[in-house]
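What follows is a short report on a single structure.
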Amino acid sequence: MTRWGILATGNIAARFAEDLRLVPGAELVAVGSRTAETAQRFAERHGASRAYASWADLAADTDVEVIYVATPHAAHHQAALTCLTAGKPVLLEKPFTLDLATSTEVIETARAADVFLMEAMWMRCNPLVRRVCELIADGAIGTVTSVRADFGVAGPFPPEHRMRARALGGGALLDLGVYPVSLAHLVLGVPQHVRSWAKLGPEGTDENTGLVFGYDSGAVATLSCGMVGATGLTAAITGTAGRIELPEPFFRPGGFTLHCSGAEPETVTAELAGSGYQYEAVEVQRCLAEGLTESPLVPHSVTLEVMALLDDIRAQIGVSYI
């Protein structure tokens, strides 16, 4: 049995707690928050036996074997360091931190302590997304020439909302854009050319952002994210011999369609239980059982490469969280 703690009590933490019930050998034993009241309510709702009014107290619980950090992303850096320095393995919600420098510090802290750490980029652990990667690797669509993906929500959000507030790492890019960027990286790796444009809101955070990545192979990625209109949340990966279309939401698809030259389209579906967070928990438990300090599905190098891209994009569009 793997005994989990959850740090934070918001919507994502609740969804993860529910999905953890679907993971063989997983048990939620403790929750930590900034207040005793919110921690106790969460613990009662999700069946945890202990509730702590501080992150440090959760990290100090010797019965907790791994901690899922689900705070808003502006707090990821400090929350992760609190857990790692206490010797606790961490599954850290995406985006990893607000920038490359703090992401590097978190990873270096984990490596120095020889403690497991993984970014909770659940898309990379999704069985259907993994199957898409297998098909691409097997040459099912030939050489990949383009990736297209969008993630836009309608809003509006009030000025103090975390989606708009600079101090909270607001804007579309880190919260939503990390998914299209991560999909392009998953398929094509690090681009050699990055071009970005964004409409900034009055708080100085991005409301609507467009990205074009260019690769020396000749491939391109066209990506968008925003909080001024609900987009289709779809993606398409095109190659010299076909394409793969991912329906809404592309980062947690219920299926995909494979189009191969000269053949009828093939739709692949799967019954995925829960919200889809259980697959990252399964991966964490597998890694812990094997004594790994990072996951081959979401390695530290990928986390740092994606964060470096996000830093580059923010510099181009003029967004700073300081």
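Can E264 be described as touching a His at 6+ places or on another chain (Cβ under 9 Å) and either part of a strand (DSSP E or B) or open to solvent by 40 Å² or more (accessible area, probe 1.4 Å) (or both)?
Values: touching a His at 6+ places or on another chain (Cβ under 9 Å): no; either part of a strand (DSSP E or B) or open to solvent by 40 Å² or more (accessible area, probe 1.4 Å) (or both): yes.
For E264, the condition - touching a His at 6+ places or on another chain (Cβ under 9 Å) and either part of a strand (DSSP E or B) or open to solvent by 40 Å² or more (accessible area, probe 1.4 Å) (or both) - is not met.
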Residues of region 43-65 being touching a strand residue (DSSP E or B) at 6+ places or on another chain (Cβ under 6 Å) and open to solvent by less than 10 Å² (accessible area, probe 1.4 Å), in sequence order, are A43, L58, V64
Qualifying residue in region 235-247 (condition: free of Cβ contacts under 8 Å to residues at least 40 places away in the same chain, in contact with a Gly (Cβ under 9 Å, 6 or more places away or on another chain) and not in a helix (DSSP H, G or I)) | yes
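Test K94 against the stated conditions and say whether it is at pLDDT 95 or above and either surrounded by fewer than 17 Cβ atoms within 10 Å (Cβ to Cβ) or within 28 Å of L183 (Cβ to Cβ) (or both). Write out each step before concluding.
On the way: at pLDDT 95 or above: yes; either surrounded by fewer than 17 Cβ atoms within 10 Å (Cβ to Cβ) or within 28 Å of L183 (Cβ to Cβ) (or both): yes.
In short, yes.
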S182 vs. criteria open to solvent by less than 60 Å² (accessible area, probe 1.4 Å) and in contact with an Asp or Glu (Cβ under 9 Å, 6 or more places away or on another chain) = no
Collect the residues in region 230-262 that are more than 16 Å from V181 (Cα to Cα) and of a type in the set (A, V, I, L, M), keeping them in residue-number order.
-> A230, A241, I244, L258
Can you name the residue in region 221-240 that is within 17 Å of P191 (Cβ to Cβ) and among the polar types (S, T, N, Q) and, of all such residues, is most open to solvent (accessible area, probe 1.4 Å)?
-> T222
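Could you tell me whether A273 is modelled with pLDDT under 95, over 17 Å from G139 (Cα atoms) and either among the charged types (D, E, K, R) or not in a helix (DSSP H, G or I) (or both)? Don't jump to the end; show me each part of the working.
Working: modelled with pLDDT under 95: yes; over 17 Å from G139 (Cα atoms): yes; either among the charged types (D, E, K, R) or not in a helix (DSSP H, G or I) (or both): yes.
Yes, satisfied.
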For region 44-112, which fully contained strands (runs of 3 or more DSSP E) count at least 2 residues that are free of Cβ contacts under 8 Å to residues at least 24 places away in the same chain?
-> 50-52
Looking for whichever is in a loop (DSSP other than H, G, I, E, B), surrounded by fewer than 19 Cβ atoms within 10 Å (Cβ to Cβ) and modelled with pLDDT of 95 or more here; the options are G210, G218. Which one fits?
-> G218
Within the bounds of region 5-25, is there any residue that is in contact with a helix residue (DSSP H, G or I) (Cβ under 9 Å, 6 or more places away or on another chain), over 26 Å from M123 (Cβ atoms) and modelled with pLDDT of 95 or more?
-> no
For L176, are the conditions met, namely being buried (at least 16 other Cβ atoms within 10 Å of the Cβ), touching a residue at least 40 places away in the same chain (Cβ under 8 Å) and over 23 Å from H300 (Cα atoms)?
-> no
Flagged in region 129-160 as within 18 Å of A230 (Cα to Cα) and open to solvent by 60 Å² or more (accessible area, probe 1.4 Å), in numbering order, are R148, P156
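The values are calculated or read from the model by the stated rules, or taken from the named source; none is laboratory data. Values in this document were obtained by computation on a predicted structure and should not be read as measured data. Positions of Cβ are generated from backbone atoms using ideal geometry, with glycine treated the same way; all protein chains shown enter the neighbour counts. What goes into the accessible areas is simple: the full protein's heavy atoms, side chains included, and nothing from ligands, DNA or RNA. Shrake-Rupley method; radii C 1.70, N 1.55, O 1.52, S 1.80 Å.
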